[in-house]
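Peer 1: My questions will all concern the structure given below.
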């Protein structure tokens, strides 16, 4: 389904004390891609409010003070699915609790990965770009033209 304007997505890199990050294998509309937790910004919502809500809805984890670290332009997804999203990535720190899979129709499960090792594949465009920005400490990485 092609839309006439980009949508705003929110992704959350949840970093555990050992540096590993939380990834889930998506079901449904984004199957079989792996991705950081996230979703879409709702009307009147701040990026931080959305990140807190999405994390709680998907994993049951409560996060505090997530910080915006990156913006991605998800043209690969647009080319493949006709959905153009601009994603805002936030970083949050893990509080020690284990994630739950609260939306099993949307995710096969949550697992911890070292972001410096190869990411599980296939990997969702917005998530891959967000992790690349996180690792390179760049707010935005232009796509090759």
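The values are calculated or read from the model by the stated rules, or taken from the named source; none is laboratory data. On a predicted model such as this, the values are computed, not experimentally measured, just so you know. Heads up, the Cβs are rebuilt from the backbone with ideal geometry, glycines too, and the neighbour counts pull from every protein chain shown.
Peer 1: Just to be sure I understand the filter: pairs with C-beta atoms under 9 Å, separated by 6 or more residues or on different chains, first member in the stretch 4-31 and on the phi > 0 side of the Ramachandran plot and touching a residue at least 60 places away in the same chain (Cβ under 8 Å), second member in a strand (DSSP E or B) and surrounded by 14 or more Cβ atoms within 10 Å (Cβ to Cβ). Which pairs pass?
Peer 2: Here the result reads 28/107, each pair linking the stretch 4-31 to a residue that is in a strand (DSSP E or B) and surrounded by 14 or more Cβ atoms within 10 Å (Cβ to Cβ).
Peer 1: Go through 79, 25 for me and flag whichever is in contact with a strand residue (DSSP E or B) (Cβ under 9 Å, 6 or more places away or on another chain) and not in a loop (DSSP other than H, G, I, E, B).
Peer 2: From the options 79, 25, the qualifying one is 25.
Peer 1: What pairs come up if the first residue lies in the stretch 61-73 and is on the phi > 0 side of the Ramachandran plot and touching a residue at least 60 places away in the same chain (Cβ under 8 Å), the second is buried (at least 17 other Cβ atoms within 10 Å of the Cβ) and in a strand (DSSP E or B), and their beta carbons are under 6 Å apart, counting only those six or more places apart or on different chains?
Peer 2: none
Peer 1: Right, something else. For the stretch 89-137, what are the residues that are part of a helix (DSSP H, G or I) and either surrounded by 14 or more Cβ atoms within 10 Å (Cβ to Cβ) or in contact (Cβ under 8 Å) with a residue 12 or more places away in the chain (or both)?
Peer 2: To start, the set of residues in the stretch 89-137 that are part of a helix (DSSP H, G or I) comprises 125-136.
Scanning the stretch 89-137 gives 125, 126, 127, 128, 129, 130, 131, 132, 133, 134, 135.
Peer 1: Would you pick out the residues in the stretch 96-137 that are out of contact with any strand residue (DSSP E or B) (no Cβ under 6 Å at 6 or more places or on another chain), at pLDDT 95 or above and more than 23 Å from residue 29 (Cα to Cα)?
Peer 2: 114, 116, 117, 118, 132, 135, 136, 137
Peer 1: In the stretch 39-56, is there at least one residue being buried (at least 17 other Cβ atoms within 10 Å of the Cβ), within 23 Å of residue 142 (Cβ to Cβ) and within 11 Å of the chain's Cα centre (by Cα)?
Peer 2: The answer is no; no qualifying residue exists.
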